[in-house]
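The values are calculated or read from the model by the stated rules, or taken from the named source; none is laboratory data. A quick note: this is a predicted structure, and the numbers were derived from the prediction, not measured. Neighbour counts run over all protein chains shown; Cβ positions are idealised from the backbone, glycine included.
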């Protein structure tokens, strides 16, 4: 018998639901405005999950609450109903329109959300109609002035969000770039310290003098505005290309890092926040009207002396909470926007130069001297978290360490050591619990299968048909639960304890940017065109060591990356470097090697243009390595022991000729390469060996940066950022991509964007 819920109980449930959902919507807005600015500084999984859920629930909770309010409007109240007032609930509806407008710190969670601006524009119209319907149902309503003011504020906030999504959509981006390039071909730019405008090719007046903090900000904002086309694979003029390449070829390493850091921060704000709208005259007008309407509505409601007698006390508290929280959130958004880089760049001409320059100096990258695992001192990036413009670290993954399940040996101890220890303890407990559940699910599946076989053999057929479907469900359910939980925490494919972060070192960035500047000079002299991943570096092309050519020329990118990664680790596990130069190149090769392996395996979208069958190759190589280590009885041993065992194998033939197409494993091919590198060390010295290895890794890094997926590249800005973004942008400004046309009279499109 179906039990029917009484109507008055449904009404009571809806009435209390309205209050709960409204408070939930307000709580989500608070979470978003506080946590959203942090996501460009860290890729923390917990933060990502909280923001993702909050972003999805924000629109749902507001829409659901408006639906409940409209459903309850027009009903006659009964004695058994909870206290509710249609007039006051009509006042709450515009607050939900304010919530749908969202905080200024996040308009889109991902780039795909920007493409849905049509949906939000339609949603604005529908919610406006819903609010009007709720208001009409409450007439006559003595609160109509307050409702009207709130309705204006909510509509303008929602309109701001819709416009921000529209401006960040790829189609609008392309159109605005083309229009700007046609109308502003002779644009001038003024640096406050220099009274003369900068036109054409940018010149640094005093090359021996460091740029000020404000000059760096202004240059970054100029390049951001002039080179937005890089984000959407658009064309740009040869004049712009010459302008940036001339400028960056003369920059100091840290100045280049700071300009790129600010430029990427501007890109993030333009794609994921309301900043691009708020700094226009339209945004200033709408925000002023919206905040003024909200404050006016609050004071009118506060000065209404009859409200204590008209409305229930709990509803008055909720209304005050909505008012005060809305005002505080709006003021907090303004306070977050005022000290932003975008504001300083736009209004730098009207602010005090000294004070502004001092304030910007607080956010400059900070370096801290630290000894590496081998006792050599380096400078590592150590900017305070709240002052960071990106995470300032790079993630590493090592194949051999993962294949033997060895503990991670860090090169540098970055920030968050205690946090990492706590996380490792939690993760270890989770992995242990996960293993127990996996075994339990496996045993349940075995028992389920045995019972299934018994029923099929002994029970009548008509009963078998009925229970057949039941025995198909548990295995899939258990398998899904086990796989989902394990994959979420990353303990099935690449466990968190095998992917670790290293702080960016100054030596690493100096090495990369110096090589890019050198490549720019060589490209200008020889007019060389890149034809493969290793063809941009002339030193690799003319290398006399014929034994290495087969691992560089005419080899798939993903294959080369895996072969050189394993070979680099095999060489790294030998005796430590004897000179400072050898140590720097050795550490550089190790870091970039592990970083590129992390990108290939853990960031497949970012590497989609060059990954090929990287996942398959990784899987086959891992299977062969585990089989080899098991046969040698060295599971769960150190990386050094595993490396020695791999090198002990005699490779008198080319593994590629022996395996053919049966396996994509490159384990012993990498061992053969490592032996070739050892021979170089024997003949020409250790420093020369690591010089070659570091050159190869720079080529692999530069090729990946040129060919990484544009959408994935921009998406990484909302997840802490990646080093490859800096390399890509530096190469773009130095004009180091494959170009369709180099004619100064034609526009050119970079194929690698």
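Looking at the structure I just gave you, is residue 391 within 26 Å of the chain's Cα centre (by Cα), buried (at least 16 other Cβ atoms within 10 Å of the Cβ) and in contact (Cβ under 8 Å) with a residue 40 or more places away in the chain?
Details: within 26 Å of the chain's Cα centre (by Cα): yes; buried (at least 16 other Cβ atoms within 10 Å of the Cβ): yes; in contact (Cβ under 8 Å) with a residue 40 or more places away in the chain: yes.
In short, yes.
Given the criterion under 30 Å from residue 277 (Cα atoms), at pLDDT below 90 and outside any loop (DSSP other than H, G, I, E, B), identify the matching residue among 13, 92.
Answer to the check: 92.
Please indicate, with yes or no, whether at least one residue in region 314-331 is in a loop (DSSP other than H, G, I, E, B) and farther than 20 Å from residue 164 by Cα. I'd like the intermediate steps shown before the answer.
Pass one, region 314-331, residues in a loop (DSSP other than H, G, I, E, B): none.
No; the residues of region 314-331 include none that is in a loop (DSSP other than H, G, I, E, B) and farther than 20 Å from residue 164 by Cα.
I'd like to know if region 322-336 contains one or more residues that are more than 23 Å from residue 62 (Cβ to Cβ) and loosely packed, with under 13 Cβ neighbours inside 10 Å.
Yes: one or more hits.
Restricting to region 389-401, what's the tally of residues that are farther than 18 Å from residue 511 by Cα and touching a helix residue (DSSP H, G or I) at 6+ places or on another chain (Cβ under 8 Å)?
Adding up the residues that qualify gives 9.
Go through region 205-258 residue by residue and tally those that are modelled with pLDDT under 80 and in a helix (DSSP H, G or I).
9
Looking only at region 274-313, how many residues end up being outside any helix (DSSP H, G or I) and over 36 Å from the mean Cα position of the chain (by Cα)?
Total meeting the criteria: 6.
Only residues that are free of Cβ contacts under 8 Å to residues at least 60 places away in the same chain and either buried (at least 23 other Cβ atoms within 10 Å of the Cβ) or farther than 30 Å from residue 512 by Cα (or both): list them for region 255-288, please.
Within region 255-288, the first condition is being free of Cβ contacts under 8 Å to residues at least 60 places away in the same chain, and the residues that meet it are 255, 259, 280-281, 284-285, 288.
Passing the criteria: 259, 280, 281, 284, 285, 288.
If we scan region 537-556, do we find a residue that is within 27 Å of residue 405 (Cβ to Cβ) and either at pLDDT 85 or above or assigned to a helix (DSSP H, G or I) (or both)? Steps first, please.
Of region 537-556, the ones within 27 Å of residue 405 (Cβ to Cβ) are none.
Among the residues of region 537-556, not one is within 27 Å of residue 405 (Cβ to Cβ) and either at pLDDT 85 or above or assigned to a helix (DSSP H, G or I) (or both), which makes the answer no.
Touching a strand residue (DSSP E or B) at 6+ places or on another chain (Cβ under 7 Å), modelled with pLDDT of 85 or more, surrounded by 18 or more Cβ atoms within 10 Å (Cβ to Cβ) and under 26 Å from residue 684 (Cβ atoms) - does that describe any residue in region 563-578?
Among the residues of region 563-578, not one is touching a strand residue (DSSP E or B) at 6+ places or on another chain (Cβ under 7 Å), modelled with pLDDT of 85 or more, surrounded by 18 or more Cβ atoms within 10 Å (Cβ to Cβ) and under 26 Å from residue 684 (Cβ atoms), which makes the answer no.
Condition first: farther than 30 Å from residue 605 by Cβ and part of a loop (DSSP other than H, G, I, E, B). Now tell me which residues in region 98-149 satisfy that.
Across region 98-149, the qualifying residues are 138, 139, 140, 141, 142, 143.
Got at least one residue in region 362-384 being in contact with a helix residue (DSSP H, G or I) (Cβ under 7 Å, 6 or more places away or on another chain), farther than 12 Å from residue 505 by Cβ, touching a residue at least 40 places away in the same chain (Cβ under 8 Å) and part of a helix (DSSP H, G or I)?
Among the residues of region 362-384, not one is in contact with a helix residue (DSSP H, G or I) (Cβ under 7 Å, 6 or more places away or on another chain), farther than 12 Å from residue 505 by Cβ, touching a residue at least 40 places away in the same chain (Cβ under 8 Å) and part of a helix (DSSP H, G or I), which makes the answer no.
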